[in-house]
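The structure appears below as structure tokens.
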Amino acid sequence: MKKENANFTYATLGSEDEILQLLALQQANLAANISSKTAVSQGFLTVQHDFALLAEMNATIPQVVAKDGAKMIGYALTMLPSFAEKIPVLQPMFALFDEIEYRHRRISGYRYYVMGQVCVAKDYRGMGAFDGLYQKHKELFAPTFDFCITEIASRNARSKRAHQRVGFKTIFTHQEAADLWEIVLWEW
């Protein structure tokens, strides 16, 4: 059921119950758990986190969530480079940041963080929550970081469009296994 003129709240992840809500939302949107048709039309998530890792990430830097009342309807995970070794599937991306340049400087030479993952619950898509999550990120992190960066599978068209709408620009593309990936950056 879609809400008209939704008034969501954007905050940082707090309780253990919120971490569990986030994990449930993640499970519902992992590429492995949805049909290929849904993945094409609605987008998909690639990386699966566990409770301990999310709790550690949240203790290090705030994780941003969107809520409709008490219900978590979306999240946008903040991942510092120090977490590169904790998620093996992301290690190649972090290694690229030591090689690719942006404005004549290697990415690793900037103060940056990675958008570890962003997700909005199916019934809340198209209602502004995605943009609201990113605006909360900008509010919280622009004073400390030069930009936010992430990579998106080229076949994840919905995610690419949403990130472009917020202000992300593609700065590099690379092939990894069967997927073409785009490194996108949002400079404040």
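The values are calculated or read from the model by the stated rules, or taken from the named source; none is laboratory data. Being a predicted model, the structure only gives us computed values, none of them experimental. Cβ sites come from the backbone with ideal geometry, for glycine too, and all protein chains shown count toward neighbours. Side chains are part of the model used for accessible areas, which takes the heavy atoms of the whole protein and leaves out ligands, DNA and RNA. Shrake-Rupley method; radii C 1.70, N 1.55, O 1.52, S 1.80 Å.
Counted by Cβ distance under 10 Å from Gln42, the other residues give a net charge of +4, where Lys and Arg count +1 and Asp and Glu count -1.
When only C-alpha pairs under 8 Å and at least 6 residues apart count, what is the relative contact order of the chain, in percent?
Computed value for the chain: 21 percent relative contact order.
Gly132 sits among other residues whose Cβ lies under 13 Å from its own Cβ, and their net charge, with Lys and Arg +1 and Asp and Glu -1, is +2. Using the Cβ of Gln27 as centre and a radius below 14 Å, the other residues enclosed give a net charge of 0, where K and R count +1 and D and E count -1.
Can you tell me the orientation of helix 157-166 relative to the chain, as the angle in degrees between its alpha-carbon axis and the longest Cα principal axis, to the nearest 10? So the helix axis and the longest Cα principal axis differ by about 80 degrees.
For segment 1-85, a Kirkwood hydrodynamic radius built from all Cα pairs, placed in the Stokes-Einstein relation at 37 °C and 0.692 mPa s, yields a translational diffusion coefficient of 234 µm²/s. Kindly express, to the nearest 10 degrees and within the range 0 to 90, the angle between helix 51-60's C-alpha long axis and the longest C-alpha principal axis of the chain. On a 0 to 90 degree scale, this one is about 70.
Of the options (i) 1.57; (ii) 0.98; (iii) 1.37, only one is Cα Rg over 2.2 N^0.38 Å as computed from these coordinates, and that is (ii). Annotation note: trypsin sites (Lys or Arg not before Pro) in segment 67-113 located in DSSP loop regions with a Cβ neighbour count of at most 13 within 10 Å are Arg103, Arg111.
Counting 0.36 nm for each residue step from Glu139 to Ala95 and taking away their Cα separation leaves a gain of 13.0 nm.
If a/c stays under 1.5 just call it rounded; otherwise compare a/b with b/c (prolate if a/b is bigger, oblate if not). Do that for segment 134-187, with a ≥ b ≥ c from the square roots of the Cα gyration tensor eigenvalues. Prolate.
Between helix 16-29 and the chain there is an angle of about 80 degrees, using the helix long axis and the longest principal axis of the Cα atoms. At full extension, Arg105 and Ala28 could sit 23.9 nm farther apart than now, given 0.36 nm per residue minus the alpha carbon distance.
Counting lysine pairs in segment 80-187 whose alpha carbons fall under 20 angstrom apart, excluding pairs fewer than 8 residues apart on the same chain, gives 6. The apolar share of the surface of segment 67-188, taken as the fraction of accessible area on carbon and sulfur atoms (1.4 Å probe, ligands and nucleic acids excluded), comes to 49 percent. Give me the percent of DSSP beta bridges within the chain that run antiparallel, rounded to the nearest 5. In the chain, DSSP labels about 90 percent of beta bridges as antiparallel. Could you compute the FRET efficiency for Asp179 and Asn7, with r as their C-beta to C-beta distance and R0 at 35 Å, rounded to 0.05? About 0.40, to the nearest 0.05. Per residue, segment 61-143 exposes 43 Å² of accessible surface when a 1.4 Å probe is rolled over the protein heavy atoms with every protein chain present.
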